[in-house]
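S.K.: The structure's right below; bear with me while I get my questions together.
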Amino acid sequence: MTWKFWMEKKHKSCGTSSLVPMTPKKPQQWLQVVGHAGSFHVGDYGTLLKRFCKREQQCYLRLMTDTLRPFVPAYHGVVQRDKQDYNMMDNLLTHFNTPAIMDCKMGSRTYLEEELHTARERPQPRNDMYEKMVAVDPEAPTAQERAQQAVLKTRYMQWRETLSSTTTLGFRVEGFRKANEDCHTNFKRTKSREQVMEALGGFVESRTHIVWGYLRQLKQLRQVLEASDFFRTHEVVGSSLLFVHDWTGRTGVWMIDFGKTVALPPPLTLDHRTPWVEGNREDGYLWGLDNLIGILENILPLS
Ligand code: I3P
């Protein structure tokens, strides 16, 4: 589940949680980039409520005891609002002043192997995805898809992957919003290294110290990922890196969106760099992170 830009003032959350951070109570905002609108609410005490997903909850529970903990929003349990369950986590924007945010979807694949099996066993072509496809490229559907006016989700996801940099670089820019500006989400065709560099450059606006800040944090993250038990034992698909900075020069990078992150059957583990072939469950996450770091380094002026 990724994000779409929206902004919301603080709401009163109902339900309870055993762990509430003791940050001062002040009006909060949340900015969402691309994805399922209505999935988020701003909670009290610097928290964010995200529509409940069991798989995501399981990941957060495990991540809270993993070395990756500093790189994910702190998880505070399940709360209910208007009869809907939500996972409650830290609002990552709380400590920023009019932040700029960017969402990069990580990995060389954006659908789970199990989604591929389901699509074969019980194919359910979707009209909404057909419409999204022809809106970008009227020539993309096959004759059969055109006749059905529908495409399978896995086919749509694969098409999105090859149209963007997901297949060739192992990550893609989903969208960003600079401080006090409209959102930029027109990156479906941002594919080449040069195009991606231009998109990232547009987000950081030649602010070298911001790029240095992100690079330092991404390299720390890579080191921690390479040693993390959680990461070694999970297929991480459709997960994003959230980049946040503000005019004070503060930067932050966090892993978010674990709705399609799945524990592997022991003793299977992944290195997250080996190319995916069906059955090996590899997701290309670290390969994508290597490329992202390399491209950000190229944005810096030669010294
Ligand atoms: C959506 C995007 C989301 C995916 C969603 C797609 O396409 O790939 O990641 O949700 O599937 O529609 P787009 O970015 O082109 O709008 P999941 O990652 O949760 O599968 P959905 O429509 O089934 O929610």
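S.K.: Please state, rounded to one decimal and in Å, the Kirkwood hydrodynamic radius that region 114-167 gives when every pair of distinct Cα atoms enters the mean of 1/r.
M.R.: Here the Kirkwood hydrodynamic radius works out to 11.3 Å.
S.K.: Please check: in the Gaussian network model of the chain (C-alpha springs, under 10 Å), which one of ALA263, ALA100, ALA147 has the largest mean-square fluctuation.
M.R.: Greatest mean-square fluctuation among the candidates belongs to ALA147.
S.K.: A follow-up question, please. Pick from LEU242, LEU286, LEU264: which residue has the top mean-square fluctuation in a GNM of the chain where Cα pairs under 10 Å get a spring?
M.R.: LEU264
S.K.: Roughly how many nanometres apart are two label points built 7 Å out from the Cα toward the Cβ at ARG146 and VAL277?
M.R.: My value for the distance between the label points is 3.5 nm.
S.K.: Below 8 Å, C-alpha to C-alpha, sequence gap of six or more: please give me the relative contact order for the chain in percent.
M.R.: Relative contact order, the chain: 21 percent.
S.K.: Choose one answer from PRO267, PRO138, PRO73: the residue with the largest mean-square fluctuation in a GNM of the chain with alpha-carbon springs under 10 Å.
M.R.: PRO267
S.K.: Follow-up. Starting from the Cα of ASN298, step 7 Å along the direction of its Cβ; do the same at ARG120; then give the gap between the two resulting points in nm.
M.R.: That separation, rounded to one decimal, is 3.6 nm.
S.K.: Please list 3J(HN,Hα) in residue order for region 212-218, calculated via the Karplus relation 6.51 cos²θ - 1.76 cosθ + 1.60 where θ = phi - 60°; whole Hz, with x for glycine and proline.
M.R.: For region 212-218, the Karplus-derived couplings read 4, x, 4, 4, 4, 6, 5 Hz, x marking Gly and Pro.
S.K.: Further question: Measuring from centroid to centroid over Cα atoms, what is the spacing of region 222-268 and region 163-205 in Å?
M.R.: Here the two parts' Cα centres lie 19 Å apart.
S.K.: Another one. Over region 114-167, what is the mean sequence separation of C-alpha contacts under 8 Å (at least six apart), divided by residue count, expressed as relative contact order in percent?
M.R.: The normalised contact order for region 114-167 reaches 41 percent.
S.K.: Here is a follow-up. Relative to the present Cα-Cα distance, how much length would full extension add between ARG189 and GLU131 at 0.36 nm per residue of separation?
M.R.: Gain in length upon complete extension: 19.2 nm.
S.K.: Also: Determine the shape class of the chain: with a ≥ b ≥ c the square roots of the Cα gyration tensor eigenvalues, call it rounded for a/c under 1.5, and otherwise prolate if a/b is greater than b/c, oblate otherwise.
M.R.: Taking the square roots of the gyration eigenvalues as a ≥ b ≥ c, the chain is rounded.
S.K.: Mind ranking ARG273, ARG69 by accessible surface for me, highest first, 1.4 Å probe?
M.R.: Largest accessible area first, the list is ARG69, ARG273.
S.K.: Relative to a virtual label point 7 Å from the Cα of ARG81 in the Cα→beta-carbon direction, which members of region 256-289 show backbone nitrogen distances below 19 Å?
M.R.: Residues 257-258 qualify, since their backbone N sits under 19 Å from the label point.
S.K.: May I pose another question? If you take the beta carbon distance between GLU181 and TRP212 as r and set R0 to 22 Å, what does 1/(1 + (r/R0)^6) give as a FRET efficiency, to the nearest 0.05?
M.R.: 0.45
S.K.: Still on this model: May I ask you to order 117-123, 102-108, 158-164, 177-183 by the average number of other C-beta atoms within 10 Å around their residues, highest value first?
M.R.: 102-108, 158-164, 177-183, 117-123
The values are calculated or read from the model by the stated rules, or taken from the named source; none is laboratory data. Keep in mind that what you see is a predicted model, and the values were worked out from it rather than measured. Note that we place each Cβ from the backbone using ideal geometry, even for glycine, and neighbour counts take in every protein chain shown. SASA here: full protein model, heavy atoms, side chains in, ligands and nucleic acids out. Shrake-Rupley method; radii C 1.70, N 1.55, O 1.52, S 1.80 Å.
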